Amino acid sequence: MRIPLYYVNAFTNQPLRGNPAAVCFLDSWLDDGSLRKVAAENNLSATAFVVGNDDNYQIRWFTARCELSLCGHATLASAYVMSDVLKTARKNLTFETKNRGILSVKKEGDLLAMNLPAFVPRVRETVPEELFEALGRPGRPIEVLEVNETYVVVFDSPGKIQNLKPDFTILETLHPFVVSVTAPSNDVDFVSRYFAPTYGTPEDPVTGSAHCNLAPYWSERLGKTQLHARQLSERGGELWCEVAGNRVIVKGQAVLTMQGELMI
């Protein structure tokens, strides 16, 4: 079997930055074990598998370890390949997912705008001490929130986010929870980092799905619906978010870095 394969860096317009995703186009679905093995072969933070045609596309996302319920950067990468590489005629691409309904992506100038569900984090009253130990105790956070098995830890300055040196072994003990850390910033509205070691991604370079949580939080706190965000991983990435009721529009750029065929 020959599978068309594309490597795309999402949330950047530069090679070797942003979040790399693999995009595989299939005629029909392989079994889940094969999908996971292909993702492991790609060895990136996520592989998107797309099945369908202009009438109906389905999308699923896998890491080397498991299937993801939502993946923003691999969805952005898939839409980029379809719109900018394959020159798909449709201007508004829609993807049917297993757990998150219909996701749509459309071009807005040099950006791709994903329409994703919004999830509002709530204050976590009791916080495991291992969480602070895993983050290296950079000082007490402003607050700790929870949403969709994610701890959202809010600090007061981008420097604390940038300088974090997490202990991934301790972070793994928090499973099934992952950890998102965030703070306000002067040159953008907010910054963040994201850690999910038990799901195959110790630190995710740029996490589109995390902004389904972060954008509603910062929108309420800053009193604005249009937000510019930056993820402070080593590779780094830029996102523009718009909060619209129970949806978040997450926008970003992408660049193709490799294409070919995977033979299995």
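Consider residue 191 carefully, then state whether it is assigned to a strand (DSSP E or B) and touching a residue at least 60 places away in the same chain (Cβ under 8 Å).
no
Among (1) surrounded by fewer than 16 Cβ atoms within 10 Å (Cβ to Cβ); (2) at pLDDT below 95, where does residue 173 come up short?
For residue 173, the exception is condition (2).
Looking at the range 226-264, which of its residues are crowded, with 16+ Cβ neighbours inside 10 Å and part of a loop (DSSP other than H, G, I, E, B)?
232, 233, 235, 236, 253
Can you tell me how many residues within the range 53-66 are without any contact (Cβ under 8 Å) to a residue 24 or more places away in the chain and assigned to a strand (DSSP E or B)?
Qualifying residue count for the region: 2.
Residue-wise test of (1) acidic (Asp, Glu); (2) outside the structural domain of residue 8 (by TED's automatic domain parsing); (3) assigned to a strand (DSSP E or B).
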| position | (1), (2), (3) |
| --- | --- |
| 87 | no, no, no |
| 90 | no, no, no |
| 95 | no, no, yes |
| 126 | no, yes, no |
| 145 | no, yes, yes |
| 161 | no, yes, no |
| 179 | no, yes, yes |
| 187 | yes, yes, no |
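Please verify whether the range 48-59 includes one or more residues that are buried (at least 17 other Cβ atoms within 10 Å of the Cβ), over 23 Å from residue 255 (Cβ atoms) and at pLDDT 95 or above.
yes
The values are calculated or read from the model by the stated rules, or taken from the named source; none is laboratory data. Given the structure is predicted, the values throughout are model-derived calculations rather than measurements. Here Cβ is always computed from backbone atoms with ideal geometry, including for glycine, and neighbour counts include all displayed protein chains.
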